[in-house]
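Presented below is the structure to which this report refers.
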Amino acid sequence: MPALLIASMAAPALAAVPTDELPGNLTCQQVPERGWTVCASTVRLPLYPEKPGDTTVFFHPRHAADGDPKTAWSPGQRGLNLGTLIELRFTAVRRIRYLALWNGAGRSPKAWAGNGRLRQALIQTSDGLTDRVDLVERNGMQMIALSRPADTLWIRLIATAATPGARHRPFAISEFRPFDGERSLDVPVVGAAMVDDWLPAPPKDGNR
């Protein structure tokens with residue numbers, strides 16, 4: 001399987017991932033209470049306790065779609081992990097207009113600052129949607145309005161720009177799921193824009 005293409009621009013660093021370059025060896029986990037499967041291209045190793053009494057922190061893919069912002073998925077490379085992806089797979093075609101995203105490690109303010117966050121991402125669906133979205137820098141939920149409603153069997157988020165954390169460069173995603181209910185007034189909504197073309201091939205150091 002060809003390596004994921006990583007593109008870089010002065011600010012921010014960007015990644016390009018054509019559909020035929022996506023990995024076939026995703027790590028997938030079911031979330032039975034939600035009725036979907038979560039897949040990720042890589043998974044970060046656990047963070048073991050630094051002090052007696054602390055708990056081990058795991059970054060399983062299912063943690064990004066379990067309804068608990070204190071758990072998270074994080075990709076497993078050392079750098080910014082541009083080009084890595086997370087994907088929700090449904091048992092039947094589902095109409096999606098919005099995505100709920102908790103960007104970063106939401107288990108505490110210290111964890112959020114210490115781990116990386118996404119700045120920009122690509123969104124793809126099985127019915128051919130490809131959107132680009134610039135994300136809000138906040139430790140909390142934000143809503144992504146797709147450029148059009150998608151009738152899809154799956155939806156994936158691909159990292160294209162990230163901010164490294166104070167302690168750990170890899171970004172984390174605490175929640176990534178379709179949004180069907182009423183949003184709180186304090187939750188920001190960011191609009192996604194449809195894109196037609198992929199970005200150019202990157203320099204070799206584009207993911208540092």
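Applying the set (1) surrounded by fewer than 24 Cβ atoms within 10 Å (Cβ to Cβ); (2) touching a Lys or Arg at 6+ places or on another chain (Cβ under 6 Å); (3) not small (Gly, Ala, Ser) to residue 103 leaves exactly one unmet item: (1). Looking only at segment 117-153, which residues are part of a strand (DSSP E or B) and over 18 Å from residue 85 (Cβ atoms)? Hits for segment 117-153 are 141, 142, 143, 145, 147, 148, 149, 151.
Scanning segment 108-125 for residues that are buried (at least 18 other Cβ atoms within 10 Å of the Cβ) and within 19 Å of residue 70 (Cα to Cα) yields a count of 6. Looking only at residues of segment 44-62 that are modelled with pLDDT of 80 or more and touching a Pro at 6+ places or on another chain (Cβ under 8 Å), we find that the one that is surrounded by the most Cβ atoms within 10 Å (Cβ to Cβ) is 59.
To keep it simple, each residue is scored yes or no on (1) buried (at least 18 other Cβ atoms within 10 Å of the Cβ); (2) at pLDDT below 95.
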residue: 68; (1), (2): no, yes
residue: 74; (1), (2): yes, yes
residue: 80; (1), (2): yes, yes
residue: 92; (1), (2): no, yes
residue: 127; (1), (2): no, yes
residue: 134; (1), (2): no, no
residue: 144; (1), (2): yes, no
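Of all the numbered requirements in (1) farther than 17 Å from residue 112 by Cα; (2) of a type outside the set (Gly, Ala, Ser); (3) in a loop (DSSP other than H, G, I, E, B), residue 156 misses one, and that requirement is (3).
Of all residues in segment 56-66, those being closer than 18 Å to residue 111 by Cα and in a loop (DSSP other than H, G, I, E, B) number 4. Looking across segment 157-178 at every residue that is among the charged types (D, E, K, R) and at pLDDT below 95, the one that is surrounded by the fewest Cβ atoms within 10 Å (Cβ to Cβ) is identified as 167.
The values are calculated or read from the model by the stated rules, or taken from the named source; none is laboratory data. If you're wondering where the values come from, they're calculated on a predicted model, not measured in any experiment. Ideal geometry is used to build each Cβ from the backbone, glycine not excepted, and the neighbour counts take in all protein chains shown.
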